[in-house]
Structure formats: structure tokens, C-alpha cells
1. How many residues does segment 511-545 hold that are hydrophobic (A, V, I, L, M, F, W, C), over 16 Å from Tyr463 (Cβ atoms) and part of a helix (DSSP H, G or I)?
2. Answer yes or no: is there a residue in segment 680-688 that is of a type in the set (Val, Ile, Thr), more than 24 Å from Glu527 (Cα to Cα) and in a strand (DSSP E or B).
3. Check Gly217, Gly196, Gly260, Gly268 and return the single one that is surrounded by 22 or more Cβ atoms within 10 Å (Cβ to Cβ) and touching a Leu at 6+ places or on another chain (Cβ under 8 Å).
4. Give me the pairs, please: first residue somewhere in segment 596-608 and farther than 18 Å from Arg210 by Cβ, second residue anywhere and of a type in the set (A, V, I, L, M) and part of a helix (DSSP H, G or I), beta-carbon distance under 6 Å, and either six or more positions apart or on two chains.
5. For segment 570-623, which residues satisfy the criterion of being β-branched (Val, Ile, Thr) and surrounded by fewer than 18 Cβ atoms within 10 Å (Cβ to Cβ)?
6. Given the criterion in a helix (DSSP H, G or I) and buried (at least 24 other Cβ atoms within 10 Å of the Cβ), identify the matching residue among Ala449, Ala464.
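The values are calculated or read from the model by the stated rules, or taken from the named source; none is laboratory data. Given the structure is predicted, the values throughout are model-derived calculations rather than measurements. Positions of Cβ are backbone-derived with ideal geometry, glycine not excepted, and every protein chain shown enters the neighbour counts.
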Amino acid sequence: MKLRIPQADELKKLPSDGGDQWNRLVFEKSPYLLQHAKNPVDWYPWGEEAFGKAKAEDKPIFLSIGYSTCHWCHVMERESFEDTAIADLMNKSFICIKVDREERPDIDNIYMTVCQMLTGSGGWPLTVILTPDLEPFFAGTYFPKYSAYGRNGMNELIPALARAWKESRSEIVESSGRIIEALDRNTGGVGREDLGDIVLTRTFDELKGRYDERYGGFGSAPKFPTPHNFLFLLRYWKGTGEKRALSMVENSLRKMRLGGIYDHIGYGFHRYSTDEKWLLPHFEKMLYDQALLTLAYLETYQATGDEFFAEVAREILEYVERDMTSKSGGFYSAEDADSEGVEGKFYVWKPEEIESVLGEEDGKLFMDLYRFEERGNFREQATGEKTGDNIPHLTDPISEIASIKKMDTSELENKVSQIRQKLFDHREKRIHPYKDDKILSDWNGLMIAAFSRAAAVLNDRHYADIAKRAVEFIMDKMMDDGRLWHRYREGEAGINGHLDDYSFMVRGLIELYQATFDAKYLKQGIELNDKMIELFWDFEKGGLYMASKEAGDLIVRPKEIYDGAIPSGNSIALLNLIQLSRFSGNSDYENKANELLKTFSGQIAVTPSAYAQMLTGLDYLLGESLEIVIVGETDSDGTSRMLSTLWRTYLPNTVIILRRTDQETPDITEIAPYTANQNAIDNKTTAYICRNFSCDKPITDVGEFMEIIKALQ
């Protein structure tokens, strides 16, 4: 049952601590914090009130970090935070603080690093015990209510930690001091020397070593999509001709689309697969996964020309437009794994339900194609027992199944499309998973980039319109005096922007410029990038901090370059700096890019495949790059044919500028002064191609241009 949160007029009547019915989280905007607003735990949001209370009462802080669609966060809440006995223990021993990791990734980064230091692993919910000065001395993830199977329970853990605080204070302070010293060392970056091609080869070798030959992807269960691995491999194939790199991408993206990690009824990808086959997903859907996977499928379509990959991109974007886009244009954050308190309930099917919706003949066809089992193929994660439910998945694309079964391909595809729509309409009547409706600048930046790239590659202006609406929303509602806010919800923007907000939005603006060639987007991207440098650059050691220089509530200012489920802000900033240098001719940006790489070269050299997105930037700097300026009327036949040729071709390390001979405001020559002397020859659309800092003669013949670009594929 969904928790009803008091409305604004009701909130005004509540005391500052929430009163008898609520705790202080009731005044927050975060959906995750609001989920805990009725807990008997006396939760505080992160801030001075809680810190001051901890110091005044000489109590340690119980810091709990999670996010609204986290399954095990829900479990820990039901077991412990909703339990009055456990809550009484917590309130007696600690000042309790809740943090939404999606609102405060900087806080999460610091204390997740601590958890990994102390335990060797991490995850959410994240549980950290701090001194009143915010210095950590104990960390873990999920704790059950009672100890079992070697895992400490809250009922025993809380008294033990309270005793330790009273009886072993000096040891705790000494331990936390050592942890802070380690964190300080971790924020620096270990500069060594310039990175070369050998690092790219090592990255390929490491990914090849972890590659799953049978099912695609990397490693064993659990298996995450990690799209930037595919983006790196595509560039490695392009630069070296290594066919193995391309085949790893093709096979992985195919198997993921066919597997249960993909929602075959409503489209879009679930967060990860709990098995190596991509069958059993962790059912939550994250906006950033949709954005990054769209980019991976689009680039693979460009590289192969295989329409399968283009169609997957279209399906993902259909899901995002339908279910994850607000009326005002911004994109929502996530959908939960659970509905009605059960993980995956919204997405699975029993055979009898399929037959009742489709009838016997179509039901049998669907269940045969989508690999249904009589006892179900969905195993309950905690027990491993089959539930009788099925997750639809395929062994081969429908077109290939038709060929194998000697059926008419178009007839089978049309039949499956009709069946899917019937099942979708029926599923819409179910209770939907909870939707986290906060709008985050960083994830919106990635989604803007994805819609923009789709507009260009798939030649669909509708996608560009969606991206433009999202940018207008961010600029109107989530910017103030050139600075970004991180989160918007219920009419209110808040939380100072982090590095990811700036670098990901710059990425989106660059992509939107290349999709529309409206120079205002490139201008906005440059201005935002300059503000990012001002607020986040480490002018002493190099690189970019996660938190701005104005952040005052952190024990350290972390830096992040690890490309995990989401690429790091530094990695995306590297690509932005390189491209903005090539767009504008301003070498200061490329100098910053080189400095950023050198700052982290020591870390990258140890395990380069952990920084796959970062190394796409290195590939850009080391490999062949292109700057292409097309001069002509926006909608002329010559201009359109040249641009469509470019977008059909896989040319990853390329910037494309359109200098319009019809009216353009602002004029691109204000941003890229070198284009002022590049004119349309004989009033024909003219292309200027520069490769590796050397420019060819201008081209006015569209056929000749197309041949040159084709040769670059």
C-alpha cells in the first residue's frame, strides 16, 4: 500500500520533528526519504541539525544510504526500521540519518569507499557508523533483524556498537583517523606518465579474458550490462580492425535483448541479471541504463548496418517516452523492482493467464516462442524455488525463428506484435511498480544524449524534439545563475549540482547540437563546461572533484574515475573537453583533457578495463579523428545527403559542424571562429574534412563526399 504523504498545507501544521505520526523525513522531497517518513526510527536528513544533535548528546551517527527502487533497502526497512523494538534500540544509541544516494552521490561515494576498505565489498542499503564529526568506524550493507548464517543482526549489532562507543572510544577515534587518512590519499590521483596504445590493448585483453563466450557479457552472475565496455570495444575494433572486439559486442547485445533482462512486453532493460544467461533480472529499471544502452545499440547499428540494433534502440526510447517522461519534459529516475511487495510480480506470467488473454492458439504460440515452462522459469531469489511464473525470453530473434520454422517472417512478426500489444494492454491493469519521479540533471543529460543521437542516426526529428524539451526544462527549472541544481521534484529544485550533473549535461548538449545544428546548444554546452572547470577542477593536483568547491558538509572531497554502472563524471568530462576543443579550436580544453588523463594515469594503468569510458577518450586522442564542416542551406538536398551519409557511418571520434548559409542565431562562427573562412563554393553545399590536424580540399560533389566517408568506415 502506497504511503500517503501530507500535502503542503498539512506539513505546515506539523512540528519540526514530524510529530507523533511522522519523523523529520516527511519534510523532504526525495521519494526514498519519504518512504521512511513514517518509520518509528527518529530519522534525520543529512545536515547540521543532525550533526549538532550528535555532538550535543555525544552519540555516534547511524548512517543509512539507499535509493527508492532498491529491493534490499525495502527488505531492511520492513524487517528493522519499521520494527518498534529495533527502532527503540537505534534511537537510544544513535542519531539516525537517512541519505538518498541518488540525491547525494558524493556522500555515497565517500562512505561506500569506506565500506569497501573495511569489508572488501559494498552495495545498498549501505550502513555506516560515524563519530559525531562524521568520521566512520564501522560499515556494512544489509543487516537482518536477527543474526543468522554468519550475518550479524540489528538486534545484536546495535548494543554491541553502543558498548564499543562507550568502552573503546580511544580505539574508535584512532581507527577512524586512519580511515580518513586513507580517504585523503584516495582523492588525489596518481600521476605518472602519458598513456599510450598499449593501455588500449591491455584493456581489450582484460575484457576478452572476462568475456562469456556462450552468453555474452563479462564475468559470471550477477551480470551487469555496462554499456561503456561495448563503446570501448567498438572503438578498439574501429582503430585496430580486431574483429573479435566487434563480435563480442554484437553477441552480447543480441543475447541481452533476447534474454529476460529485457522487458519483451513493455520494452526497456532491467538493471542487471542475477544469472549468467541474462534470464532472471533484478527487475528495477533505471533511466541511466536506458540512455547508455541506447547509445551502445545505436553505435553498433552504425558499425554493422544491422537493423536489429536500431530496432532495439527504438524500443528502449518508446519505453522512456511512454513511461519515464514527465509532462514538463524532464525524465524520471527509475521504476521499482517490486510491486505489491513482491519483486518482479508486475513482469511475470503464469501459462493460464497467457491463455486467458490470448486464447489457446495464440497463447501456445507465444509461450513456445518465449520459452515458457509449465512449472515456471522464474526462481525466487531467496530460496531458489520455482514460483510457477515465467519471464518471457527468446533464444533467437523472431525473424530467425521464422526461418528455422519455415514460416513467413513478416507474418510471424506481425502476429507477435499483435500478441505483445494485447499482453501489454492486459499488464497495464496490474498494480505498477513504484516510479521514482524525481528528475536528476545528470541522468537527464545522458538521456538527452541518447535521444539526440537517435534523432541523427535514425533520422527521426521526433527524438530531437523530446531532447529539446528536456533541455528546456533543465535550463528553465534546474539552473540558477549559470549553476545546475541536482534534483527537481514537485515544483522544487534543490541540492547543488555535482560533477556528473555538469559533465553529463554538457554531453547531452553536444549531442543535441550535432542532431539539430542549432548553435545555441553548443554555446550552452561550452558555458556549462567552463562553469564545471571553475567549480570542480583541482588546480593543485589535476582532475575533477565530485563535489564543488562550495561543498561544506563532507569530510573529504572525493574524486571518481571508476566506470561502474554509470561512467564517472571525469570520464565523460574527458570526452567533452576533447570534442569542445575540436569544435571551438580552443586548445585549452584539450590541454585540460591531457592533464586529466595524466593525473589518473597511475590508477588507470593498474586495471585499465575498470575505466573503459575514460579510455574511449584516450582512444580519441591517440587514434584518427575527424573534424567535418559542412557549409550550405539547412534543408538543401546536398546538405541532407551529406549529413545522412555521416550518420549512417560509424565514425566515433568525429565532430560535425554545419555552417548554415541561411539564417543562424547564434552564428557558429562565434563559437568556432575558424569556420568563418569556410564558405559554400559556387553556392553548392561544401564539405571541409580535416583528419588528424590536416585538412583536405573542399568537396562540393555529394557523390565524391559519400565515397570518401564510405572509405573511412
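1. 8
2. Checked against the condition, which is being of a type in the set (Val, Ile, Thr), more than 24 Å from Glu527 (Cα to Cα) and in a strand (DSSP E or B), segment 680-688 yields at least one hit.
3. On inspection, the qualifying residue turns out to be Gly260.
4. Leu596/Leu574
5. Of segment 570-623, the ones β-branched (Val, Ile, Thr) are 572, 578, 599, 604, 606-607, 616.
The answer is Val606, Thr607.
6. Ala449
To keep it simple, each residue is scored yes or no on (1) within 35 Å of the chain's Cα centre (by Cα); (2) closer than 30 Å to Leu528 by Cα; (3) of a type in the set (Phe, Trp, Tyr).
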| residue | (1), (2), (3) |
| --- | --- |
| Glu633 | no, yes, no |
| Arg648 | yes, yes, no |
| Val655 | yes, yes, no |
| Glu664 | yes, yes, no |
| Asn677 | no, yes, no |
| Lys697 | no, no, no |
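Conditions tested, residue by residue: (1) acidic (Asp, Glu); (2) in the same structural domain as Val75 (by TED's automatic domain parsing); (3) surrounded by 19 or more Cβ atoms within 10 Å (Cβ to Cβ).
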| site | (1), (2), (3) |
| --- | --- |
| Asp362 | yes, no, no |
| Leu369 | no, no, yes |
| Glu385 | yes, no, no |
| Ile391 | no, no, yes |
| Asp396 | yes, no, no |
| Ile401 | no, no, no |
| Glu411 | yes, no, no |
